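A.B. asks: First the structure, which I've put down as structure tokens, then a few questions once you've had a look.
The values are calculated or read from the model by the stated rules, or taken from the named source; none is laboratory data. Owing to the predicted nature of the structure, the values given are computational and were not obtained by experimental measurement. Counting neighbours? That spans all protein chains shown, and the Cβs are built from the backbone with ideal geometry, glycine included. The protein model used for the area step is the full one, side chains on, heavy atoms only, and it has no ligands, DNA or RNA in it. Shrake-Rupley method; radii C 1.70, N 1.55, O 1.52, S 1.80 Å.
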Amino acid sequence: MAEDNKVGTYCFTAEPFHVDFTGKLTMGVLGNHLLNCAGFHASERGFGIATLNENHYTWVLSRLAIELKDMPKAYENFSVQTWVENVYRLFTDRNFAILDAEGTPIGYARSVWAMISMETRKPADLLTLHEGSITEYICDKDCPIAKPGRIKVDDCMPCGSHQTKYSDIDLNGHVNSIKYIEHILDLFPLDMFKEKRVRRFEMAYVAESYYGDRLVFYRQQKGENEYDVEIKKNDEEIVVRSKIIFD
């Protein structure tokens, strides 16, 4: 299969209700676009969620790293490209490029996904999906950003909490992956976003949380513009780790 046929390209407009007070697309909306493009690309090639659900499987996001030079402004057109970089037995690496209206890359993202059983919530063997045909879509396209790294928050005092509600829950019955991003960014004051922009955002999804769980946030500054965040549910289990680097 030609490499060009392995890459999906999807076009968007930065709607005015999708931007923040700076007039640029929010990280949460961009994250949703990335996840939607992953779904479009997978569905067009026979391994989307609807197909998996018929056999009681679904995709879950394990890792996500987004690195940006800029964000689309209100009313600007932009596009997202996505492709599969690697397929392993239990995980697959999927990459993204964010392009401005002229087709110039303004950002990239890396993600790691697992296919799990909807009944047991355990990972399934990707190489048995359609007799391993997913490997036909592996693409040797460059993604010039670092892979997600190790994130560790040392013991520190909580800096916030959130009781999960209706709007946090997705079709899989757990807290939506992007909701964590929004809650994490809310830990920082508005003045931070007046003076700086998010250059890199990493997420490591460790466990699921559900409606009614109490999420507690721990934040540790690792450098002048670098922060690590850890989220625990019900004062016990770690559900998410994150790294945010500002410019």
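A.B. asks: What number goes with the only condition from (1) under 15 Å from residue 242 (Cβ atoms); (2) out of contact with any Gly (no Cβ under 6 Å at 6 or more places or on another chain); (3) of a type outside the set (A, V, I, L, M) that residue 142 does not pass?
C.D. replies: All conditions are met except number (1).
A.B. asks: Please enumerate the residues belonging to region 162-181 that are open to solvent by 70 Å² or more (accessible area, probe 1.4 Å) and either under 19 Å from residue 218 (Cα atoms) or in contact with a strand residue (DSSP E or B) (Cβ under 9 Å, 6 or more places away or on another chain) (or both).
C.D. replies: Once the filter is applied, which keeps residues that are open to solvent by 70 Å² or more (accessible area, probe 1.4 Å) and either under 19 Å from residue 218 (Cα atoms) or in contact with a strand residue (DSSP E or B) (Cβ under 9 Å, 6 or more places away or on another chain) (or both), region 162-181 yields 163, 171.
A.B. asks: Restricting to region 122-161, name every residue that is open to solvent by 90 Å² or more (accessible area, probe 1.4 Å) and in contact with a helix residue (DSSP H, G or I) (Cβ under 8 Å, 6 or more places away or on another chain).
C.D. replies: 140
A.B. asks: Residues of region 82-100 being surrounded by 14 or more Cβ atoms within 10 Å (Cβ to Cβ) and either in contact with a helix residue (DSSP H, G or I) (Cβ under 8 Å, 6 or more places away or on another chain) or not in a strand (DSSP E or B) (or both), which ones?
C.D. replies: 82, 83, 84, 87, 90, 91, 92, 94, 96, 98, 100, listed by residue number.
A.B. asks: Give me the residue from region 22-62 that is aliphatic (A, V, I, L, M) and at pLDDT below 75 and, out of that set, least open to solvent (accessible area, probe 1.4 Å).
C.D. replies: 52
A.B. asks: Okay, next question. Within region 101-121, which residues are open to solvent by less than 80 Å² (accessible area, probe 1.4 Å) and of a type in the set (D, E, K, R)?
C.D. replies: Passing the criteria: 110, 121.
A.B. asks: Looking at region 184-197, which of its residues are assigned to a helix (DSSP H, G or I) and within 18 Å of residue 65 (Cβ to Cβ)?
C.D. replies: Hits for region 184-197 are 184, 185.
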